[in-house]
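I have placed the structure first, in the form of structure tokens, so that the comments after it can refer back to it.
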Amino acid sequence: MAKYSIAIIGAGPSGYFAAQALQNLETEELNFSIDLIERLPTPWGLVRSGVAPDHPKIKSVSKVFEKVATAGNVSLFGNVEVGRDISLEALKTKYDAVILATGTSEGKQLGIPGEDLPNSLSAADFVPWYNGHPDYAKLTPDLSSDTAVVIGAGNVAMDVARLLALDPSELDPTDTAGHAIESFKKSKIRKVYICARRGPEFASFTSPELRELPDLEHTNVLINKEVIEAAIKRVGPEPEKHLKSNLDAMLKIASNELHPHERTMEFLFQHVPSSIDGQNKVESVTFSTPEGQKTINCGIVISAIGYQPKEQNGLKVESNKLTNTDGHIEDNIYVVGWAKRGPSGVIGTNKSDAADVAKLLVSKLSKEPKAKFDLGSALDAKIVTQPIWEKINSAEVAAGEALGKPRLKAISREDLLGLGEG
């Protein structure tokens, strides 16, 4: 029996699905020993720090991750950063293959004047801030104005706008970070614009998320009905299924009866930002629209126009992904998930993506596996193993239960590691 050693860098959805894909390819003649390396003390990636906290059902995929993690051939090495604690070159030498599942953590820039003003933020920072990611806990968004502008036309933009527009009490039964709930409860924001640069037919929202918006108890959601009807005419009588579903959901929102709520979330289409303006912080955004130039006064701008990988370990980035051919980068290095194809699709998209890359990897394995490498002995870091993570997880869940939440997240690395020692 040939037993190959595989290192997977990144313990988010694409990392776990890559491990699962390898497990599914095992035979009597072919086995894998998988080391899952994660720079944070906590695994699960965007399921923990990216999914909107008021959408807990999406997080149930973590049960799949735990099944993969405890199948017997996966070892978790949390709190270990490649490039700091061990080099990619060393992993490449010691393992039969290395899979990068590092995602796309940097927000794309708008490239307009004023983008660097205080309180002009990227969703790539704002989302992990309210989700309790240790690296973003010190972000201090100023929510003291009455109006916020979110720029983008995908689900991330919609999540950000919704979190700003809903009544903060709706977050009490969620695992939103405590510091974020406190800020939202002090927030003076009552009007949130979500501004898309193109028409409704080009938006990347998904219809289930759109259909949920009218259920917000304390917030009116506005869309100009004429704008949606014009888009429906433009796409013709037989649009693609997902596009028809999207436009139907938007039309339903546009037709909804308004209530005397003080909070409002409004969609604006064909609004191309040309500048963010203000003296010492954000005061307004200027847009180009079909009707001409338009300025919206606001105190905070959050851009959610996509993500790209960080340049690291000498690997090239192009077109919002690591340079690769069908998931193969070079030699015995592979890539999966958003780092492979760019930030597209939903969490489940990573499953089929990982399966394809795993098959390619297996087809390129040498006939003789390398000797098993003891990663733990090569590291000085305080490693979070699967049993330690299970302690952290149980402690957070127990603390949350007492408050009617799914979990109470520890935020700092020190606190997380402390829970693992308990």
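The values are calculated or read from the model by the stated rules, or taken from the named source; none is laboratory data. Being a predicted model, the structure only gives us computed values, none of them experimental. Cβ sites come from the backbone with ideal geometry, for glycine too, and all protein chains shown count toward neighbours.
Quick check on region 133-169: of everything there that is among the β-branched types (Val, Ile, Thr) and surrounded by fewer than 24 Cβ atoms within 10 Å (Cβ to Cβ), which residue is nearest to the chain's Cα centre (by Cα)?
Residues of region 133-169 that are among the β-branched types (Val, Ile, Thr), as a first pass: 140, 147, 149-151, 156, 160.
This time we only want the ones that are surrounded by fewer than 24 Cβ atoms within 10 Å (Cβ to Cβ), so: 140, 147.
Values: 140: 20, 147: 25 Å.
Filtering first and then ranking leaves 140.
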Note to self: For region 388-414, which positions are exposed (fewer than 14 other Cβ atoms within 10 Å of the Cβ), under 24 Å from the mean Cα position of the chain (by Cα) and in a helix (DSSP H, G or I)?
What the structure shows: 394, 414
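Name the single residue that is modelled with the highest pLDDT among those in region 356-387 being of a type in the set (Asp, Glu), loosely packed, with under 12 Cβ neighbours inside 10 Å and over 15 Å from residue 31 (Cα atoms).
Kept after step one, since they are of a type in the set (Asp, Glu), are these residues of region 356-387: 356, 368, 374, 380.
Add one more test, that the residue is loosely packed, with under 12 Cβ neighbours inside 10 Å, and what stays is 368, 374, 380.
Narrowing the set further to residues that are over 15 Å from residue 31 (Cα atoms) leaves 374, 380.
Numbers: 374: 96, 380: 88.
Top of the filtered list is 374.
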Checklist line | Residues that are touching a Phe, Trp or Tyr at 6+ places or on another chain (Cβ under 6 Å) and more than 17 Å from residue 197 (Cα to Cα), drawn from region 126-155 | finding: 128, 129, 136, 139
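Mind listing just one residue for me: the one in region 39-59 that is outside any loop (DSSP other than H, G, I, E, B) and of a type in the set (Lys, Arg) and, of those, nearest to residue 78 (Cα to Cα)?
The extreme case among them is 48.
Right, residue 339: small (Gly, Ala, Ser), touching a residue at least 60 places away in the same chain (Cβ under 8 Å) and surrounded by 18 or more Cβ atoms within 10 Å (Cβ to Cβ) or not? Explain how you work it out, then say what you get.
Numbers: small (Gly, Ala, Ser): yes; touching a residue at least 60 places away in the same chain (Cβ under 8 Å): yes; surrounded by 18 or more Cβ atoms within 10 Å (Cβ to Cβ): yes.
So residue 339 fits the description; yes.
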Margin query: Let me spell it out: the conditions are (1) within 19 Å of residue 11 (Cα to Cα); (2) in the same structural domain as residue 24 (by TED's automatic domain parsing); (3) assigned to a helix (DSSP H, G or I); (4) in contact (Cβ under 8 Å) with a residue 40 or more places away in the chain, and residue 356 meets all of them except one. Which number is the exception?
Written below: (4)
